1. In region 262-283, what count of residues is obtained for those that are without any contact (Cβ under 8 Å) to a residue 40 or more places away in the chain and either crowded, with 18+ Cβ neighbours inside 10 Å or polar (S, T, N, Q) (or both)?
2. So, in region 87-109, how many residues would count as being assigned to a strand (DSSP E or B) and either modelled with pLDDT of 95 or more or at negative phi (or both)?
3. Give region 76-86 a look and list any residue that's outside any strand (DSSP E or B) and within 26 Å of A210 (Cα to Cα), or say none.
4. Whether any residue in region 159-172 is surrounded by 11 or more Cβ atoms within 10 Å (Cβ to Cβ), within 20 Å of the chain's Cα centre (by Cα) and closer than 18 Å to H111 by Cα is what I want to check.
5. Looking for whichever is surrounded by 15 or more Cβ atoms within 10 Å (Cβ to Cβ), farther than 24 Å from P195 by Cα and modelled with pLDDT of 95 or more here; the options are A216, A211, A287. Which one fits?
6. Quick check on region 179-195. Is at least one of its residues surrounded by 15 or more Cβ atoms within 10 Å (Cβ to Cβ) and within 27 Å of S83 (Cβ to Cβ)?
7. Contact list please: Cβ distance under 8 Å, first residue in region 74-97 and acidic (D, E), second residue surrounded by fewer than 18 Cβ atoms within 10 Å (Cβ to Cβ) and part of a strand (DSSP E or B), pairs at least six apart or on different chains.
8. Go through region 110-214 and tell me which strands (runs of 3 or more DSSP E), entirely inside it, have 1 or more residues that are in contact (Cβ under 8 Å) with a residue 24 or more places away in the chain, out of contact with any Asp or Glu (no Cβ under 9 Å at 6 or more places or on another chain) and of a type in the set (K, R).
Amino acid sequence: MLQKVLLCTALVGAVCGQGRSSGPVTYASMDPCRQGGCASTIFDKGYFFQVNSVSAPPTGYALWGPDGNFRYQTSVLAPDGTSAHLRDWAIDEDGTVIVTMSYGGYGGNGHVKGGGIVMLSPSGMQTQFIDTSRWLPAFASFGPDHSIWVTGTQFAPLREGDPRDHISSADYRMLRKYSRDGKLLGEFAPRSWYPAGLEPFDSGLPWVRAATDRIAVLAHPGKTANQPELVEFDLDGKLIGRWKLGPEIIGDPDTRNATYILGQLVFTSDGRLFAQPYDGTKPHHLAVFDRATSSWMKIAMPKNIPSRSSLVGAMGDALAFENRTENVELFLTPVGSIGPIGSR
């Protein structure tokens, strides 16, 4: 039987707001999936989305709130009544969810009909569909002003007799901003920024995140998605800067085993970028990105965090760690309590 321990809730909560670490919140009835392969989780603003990764693509999700309690489970439908092919999830402060999706064919099996952004109420009811046609949305975030920021890939019009869908050869914008009611407010980041290869805002393990004064996109340009780049925009879509983050994985050429993995990247509300890299050293550590030198600085793991915990996200300027044992526990630690231990 799971026991819920509620010491830090909602937007970081009273204990975390005083600059002290919290924990843990136990997410009741969430599958801890200790063997892997059964579900994947997405953390946003204290909420956990759990997605059935056995279904490819996923068509629904379950949601747990910041108090650890199960909220709802739902499947998402496309405008034609078929199951939507879901890509990413984000949640606003009031519990409103957006999901990026496409529908029609998938994985070369039939033509894609179109894409869009589905909005769901705090109870999981579909309330709005923002049609993006053949610009297929990928990753999304709510901005601090409740605007919607989405990356995507432009597909060419269907060719008669051609069994395949094709990405547009014309230049297009990879980032869009929408109002909360679905109005397109702007398009940014031309595809021509990058050479031919993978779609930079839609390959590897990208994301879109919001700070109080900027929007960040994790891009994976090139042909192997192993050289991630941080791209930042102000809230009007003007480019702030682009930074190379170094290799995502380094392998031993003889054994082909990974000797370095950059790991999960987390963006805090004050605009700092954190990682939990693996490089074979013990104890495990974190790293924070220094834009001035384009390098990673090692920082110690917080003392209150179990050694096997994984960095999964942020709540404000607090880092969130997930620990999976008999259940799923969440620990929060304000970044001000974490100290440097040198550079890599």
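The values are calculated or read from the model by the stated rules, or taken from the named source; none is laboratory data. All figures in this text were calculated on a predicted structure; none of them were measured in a lab. Quick reminder, even Gly has a Cβ in these numbers, built from the backbone with ideal geometry, and neighbours come from all protein chains shown.
1. Qualifying residue count, region 262-283: 4.
2. 15
3. Listed by number, the residues that qualify are V76, A84.
4. no
5. A211
6. Yes, some residue in region 179-195 is surrounded by 15 or more Cβ atoms within 10 Å (Cβ to Cβ) and within 27 Å of S83 (Cβ to Cβ).
7. D80/K113
8. Of the strands (runs of 3 or more DSSP E) lying wholly inside region 110-214, those with at least 1 residues that are in contact (Cβ under 8 Å) with a residue 24 or more places away in the chain, out of contact with any Asp or Glu (no Cβ under 9 Å at 6 or more places or on another chain) and of a type in the set (K, R) span 207-210.
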